[in-house]
């Protein structure tokens, strides 16, 4: 995705106070976009995740230069770097669903192999075909 | 007691798994799988109460939604690289979303899955936080989806390049896009090691695919079921 190491090396040169300020600013911006997204989604007539709205809003704000990339770079890359940790408690929730998994182990394994290969194959060929057509 | 121990234990196990993965980077040692596996074993053998564990780790779960919002950052950083190919990437991602949805909700019930399992499998090809949102809005089981997402990512990432060679996908942009659609961030990280161009295409297609899935799947589900 992006080079975290060079980013963190730059960040290490900051003074401690600056580090805290920089990090909290980024995190507050992220939370702000999340809450605006959630607010909008609560007014929508259909259910749509507020977090995705927040993503789209933040993306537009970055493109319109309302938000500078540097403002959210450090807190954002930290969150992206340790994202896997955030799902661990959810994954442990599997403990409630062992019976279902044992009942459906065949479907689950099949879907996992079959759909992955099907997507790799068809998307790969579609993109290759469209890309060639565009180059001609 | 478990309430106070849950968070430190989770952190300890996660960073120990990460350290182990750094020494022995085998696919099966992926930090998420390893830490979830060991915590599941702990729950099973010590007969721990999951609800209390979940309350103790609610800090981590609360960060899931900010983690979705921040996906705008890599999308923004990669966008200029691929501007002229944007249309074909979106069409390729659309195909991937439709395949994932129809395989999960039409094919799997034929093989004997109930609707809850099928709905949990629909989001297995997009990045975990969004996959869980999708699973939740289709009445699936988010924790099953999260585990499937990681397995799919590991499988796609490790088989991808060999599979491409077998079925004649030579265009490195196509390789990247297909990887991003099928195996999200884990596949992307893998393909990034060998090919930076493919990696950039993979990281953008994984986010576009996730956004499209989040928009289309609940809509299709509401119309069809």
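Think of it as helices only: each DSSP H run of n ≥ 4 in chain A is worth -39500 (n - 2.57), and spread over all residues that comes to -26000 deg cm²/dmol at 222 nm. Residue by residue along B:3-15, Cβ atoms of other protein chains within 10 Å of the local Cβ number 1 on average. Relative to the longest principal axis of the Cα atoms of chain B, helix B:196-224 runs at roughly 80 degrees.
The angle between the Cα long axis of helix A:105-135 and the main principal axis of chain A comes to about 70°, on a 0 to 90 degree scale. Pairs of C-alpha atoms in the stretch B:2-62 farther apart than 18 Å represent 35 percent of all such pairs.
In the stretch B:2-62, Cα pairs under 8 Å separated by at least six residues give a relative contact order of 47 percent. Mean partner shielding of peptide B:131-144, defined as the number of other chain Cβ atoms within 10 Å of each residue Cβ, is 3. Exposure proxy for B:213, A:47: other Cβ atoms within 10 Å of each Cβ, ordered fewest to most, give A:47, B:213. R0 = 51 Å: FRET efficiency of residue A:133 with residue B:4, Cβ-based, nearest 0.05? Working from the Cβ atoms, E equals 0.25. Among B:179, B:132, B:1, sorting on how many other beta-carbon atoms sit within 10 Å of each Cβ, with the fewest leading, yields B:1, B:132, B:179.
With a 10 Å cut-off around each Cβ of A:105-114, the average count of Cβ atoms from other chains is 6. Using only Cα atoms, tell me the angle between helix B:128-137 and the longest principal axis of chain B; keep it within 0 to 90° and round to the nearest 10. Between the helix axis and the principal axis of chain B, the angle is about 80 degrees.
With Rh defined as the Kirkwood radius, the inverse of the mean 1/r over Cα pairs, the Rg/Rh of the stretch A:93-136 is 1.36. In plain terms, the chain from residue A:69 to residue A:101 could stretch by 7.2 nm, reckoned as 0.36 nm per residue minus the Cα-Cα distance.
For the stretch B:139-185 and the stretch B:2-46, what is the separation of their Cα centres, given in Å? A separation of 24 Å, based on Cα centres. Assuming R0 = 56 Å, can you tell me the calculated FRET efficiency for the pair residue B:47 and residue B:225, based on Cβ-Cβ distance, to the nearest 0.05? E(calc), rounded to 0.05, equals 0.90.
By the count of other C-beta atoms within 10 Å, a proxy for reagent exposure, B:47, B:190 are ordered fewest to most as B:47, B:190. A protection proxy built from the mean count of other Cβ atoms within 10 Å ranks the segments A:13-20, B:13-20, B:122-129, most packed first, as B:122-129, B:13-20, A:13-20. Inter-label distance, residue B:215 to residue A:118: 2.4 nm, where each label sits 7 Å from its Cα along the C-beta direction.
In this simple spin-label model, placing a label point 7 Å from the Cα along the Cα-to-Cβ direction at both residue A:82 and residue A:39 gives a separation of 2.9 nm.
Fully extending the segment from residue B:91 to residue B:111 would add 4.3 nm, taking 0.36 nm per residue of separation and subtracting the current Cα-Cα distance. Spin-label model, residue B:20 to residue B:102: label points 7 Å out along the Cα-to-beta-carbon direction sit 4.2 nm apart. For the pair residue B:162 and residue B:81, what calculated FRET efficiency results from E = 1/(1 + (r/R0)^6), where r is the Cβ-Cβ distance and R0 = 25 Å, to the nearest 0.05? E between residue B:81 and residue B:162, to the nearest 0.05, is 0.40.
Dividing the convex hull volume of the alpha carbon atoms of the stretch A:1-86 by its residue count gives 116 Å³ per residue.
None of the figures in this text is laboratory data; all of them are computed from the coordinates on show. This structure is a prediction, so every number in the text was calculated from the model and none was measured. Here Cβ is always computed from backbone atoms with ideal geometry, including for glycine, and neighbour counts include all displayed protein chains.
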